[in-house]
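Taking it in order: structure first as C-alpha cells, then the write-up.
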Amino acid sequence: MPLRIELGERSYPIVIGTGLLPDPALVGSHVEARDVLVVTNATVGPLYLDPLVAGLAGKRVRSLALPDGEQFKTLETLARVFDALVETRLNRDAAIVALGGGVIGDLAGFAAACYQRGIGFVQVPTTLLAQVDSSVGGKTGVNHPGGKNLIGAFHQPRAVLADLATLRTLPPRELRAGLAEVIKYGLIDDADFLAWLERHLEALLALDPGALAFAVRRSCEIKARIVAMDEREQGPRALLNFGHTFGHAIETASGYGEWLHGEAVAMGMLLAADMSRHLGWLAPQDLERVRDLLHRAGLPTRAPSVGARRAHELMGMDKKVLQGRIRLVLLRRLGQAIVTGDYPADALQLTLTRHFEATAA
C-alpha cells in the first residue's frame, strides 16, 4: 500500500515496489501530463530509460541525459534542462520525470519549480539514497562553489515511484552511501529501527529484497511524518539534516564528487555524535555503536584534512545558521535528536579540531 505525504493540496503518494517502471497502469496514473520530459543521466539512462518510456505509453515523451556526478549539479547543467524544455516547446501543462539519483532529482525538480513558474514533476529515484531521502519532501536545487544546495526551491513532486529493482545495478559504493541516510533515521527518530539495522545490515548490503523493502519503507515513513509537520523546514524538519552541516562542509572543501553525499553525511553523523558525547548526552558506548555501525556499512569514520578553521567557515554558510549562530542537529540519546544553537563554543571547536586537524597533522 502506498505511503502518502500529507500536505493538503500538495499531498502525494510514495509507491515502493519491484518492477514498477514498465507498468503503464501505474506510471501513467501518476504522470498525468500528455507531454513529458524525462531527465536522466548518462549512467542511468541506458539501464532504465526504455522501461520507463514503456510505462509512459500513449504520451509524448522526450528525454535528456545529463553528465553523471555531483560536480555537475550546477546552474550550467540546469540551463541544459531549460534549453530542452524550450526547444521541445513544452507548456505549463507538461511534466518532468526525474529518473536517477539525488543529483538528477534535485536538478529536475528545480527546473520544474522554475519553468513557466512551476510545472509538475514525478520522482523516479534509482539509488538507495534518493529512494529514502532526496526524492521525498520537495527540496530541489543546485550547488555553488561556496556551499552545497545554496540555490534552490521547495517544489513537491506529484508522486515518488521507488522501484527497488533499480538497486540491483547500483555500485556497492553508492549502496553504502545510501545506507548512511537509512541509518540517520534510526539515530534521530527510532531506536528500534536502529537496532533492526544493526541486526540486518549484512542482509541490506547483500540486497536482500525483504530487508531492502522494509528499510526503504520505514525510512520514508519517518521522513513523510516529519515533512507533513514542517514542509519548509521552519522547525522539526531540520532534524533530517543530522550530519549534514558537518557533511556539507566536507563535500564543499573536498570538491564535489570526491566524497559521495552519503559518505560525507556518515562522517558528519559521527562528528555530531562525538559532540553529543562531549556534551554529556551520549554515553561512550553509544558513540561506539554509531561508529561500529558506520564502519560495518563500509562508510568513512575518519574525516579528511580540511582543517578546523576552514570547516567552521563552510559550516557558517549552512541554511540552519540564524543570527550568525551555527545550529546543529545533535543527539540527546540514540533515537532522539534536537536542533540547537545552545552549546558551548568550545565544544564545536574541540570537535572540529579533533577530527579535521588530526589527519592534517
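Observations on the structure shown:
- Elements of the type strands (runs of 3 or more DSSP E) sitting completely within segment 88-207 and holding at least 1 residues that are assigned by TED's automatic domain parsing to the domain that holds Ala54 and within 20 Å of Gly69 (Cβ to Cβ): these cover 95-100, 120-125, 139-144, 147-154.
- Residue tally, condition assigned to a helix (DSSP H, G or I) and either among the polar types (S, T, N, Q) or under 22 Å from the mean Cα position of the chain (by Cα) (or both), over segment 53-71: 2
- In the condition set (1) in a strand (DSSP E or B); (2) closer than 15 Å to Gly120 by Cβ, Gly28 is compliant with all but (1).
- When restricted to residues that are hydrophobic (A, V, I, L, M, F, W, C) and closer than 24 Å to Trp259 by Cα, segment 48-73 contains 3.
- Total residues in segment 160-185, condition small (Gly, Ala, Ser) and surrounded by fewer than 24 Cβ atoms within 10 Å (Cβ to Cβ): 1
- Output for segment 29-53, where each listed residue is in contact with a helix residue (DSSP H, G or I) (Cβ under 7 Å, 6 or more places away or on another chain) and either surrounded by fewer than 21 Cβ atoms within 10 Å (Cβ to Cβ) or among the aromatic types (Phe, Trp, Tyr) (or both): Leu47, Tyr48
- Within the set Gly280, Gly210, Gly243, the sole residue that is small (Gly, Ala, Ser), surrounded by fewer than 24 Cβ atoms within 10 Å (Cβ to Cβ) and under 22 Å from Pro344 (Cα atoms) turns out to be Gly280.
- Output for segment 14-41, where each listed residue is of a type in the set (A, V, I, L, M), closer than 27 Å to Leu78 by Cβ and either out of contact with any Leu (no Cβ under 8 Å at 6 or more places or on another chain) or outside the structural domain of Leu128 (by TED's automatic domain parsing) (or both): Ala33
- Condition check for Gly100: in contact (Cβ under 8 Å) with a residue 60 or more places away in the chain and at positive phi: yes
- Residue in segment 111-120 that is surrounded by 20 or more Cβ atoms within 10 Å (Cβ to Cβ) and touching a Pro at 6+ places or on another chain (Cβ under 7 Å) present: no
- For the residues Arg218, Arg302, Arg291, the requirement of being without any contact (Cβ under 8 Å) to a residue 24 or more places away in the chain and either part of a helix (DSSP H, G or I) or closer than 25 Å to Arg354 by Cβ (or both) singles out Arg291.
- If you filter segment 1-28 down to residues that are under 20 Å from Gly118 (Cα atoms) and of a type in the set (A, V, I, L, M, F, W, C), you find that the one that is surrounded by the most Cβ atoms within 10 Å (Cβ to Cβ) is Ile5.
- Residues considered: Pro300, Pro284. Of these, the only one that is under 19 Å from the mean Cα position of the chain (by Cα) and at pLDDT 95 or above is Pro300.
- Qualifying position, being assigned to a helix (DSSP H, G or I), surrounded by fewer than 21 Cβ atoms within 10 Å (Cβ to Cβ) and of a type in the set (S, T, N, Q), among Gln285, Gln234: Gln285
- Criterion (under 30 Å from Ala253 (Cα atoms) and touching a strand residue (DSSP E or B) at 6+ places or on another chain (Cβ under 9 Å)) met by exactly one of Asp93, Asp68, Asp35: Asp68
The values are calculated or read from the model by the stated rules, or taken from the named source; none is laboratory data. Computed from a predicted structure; not experimentally measured. Note: ideal-geometry Cβ built from the backbone for every residue, glycine included; neighbour counts use all protein chains shown.
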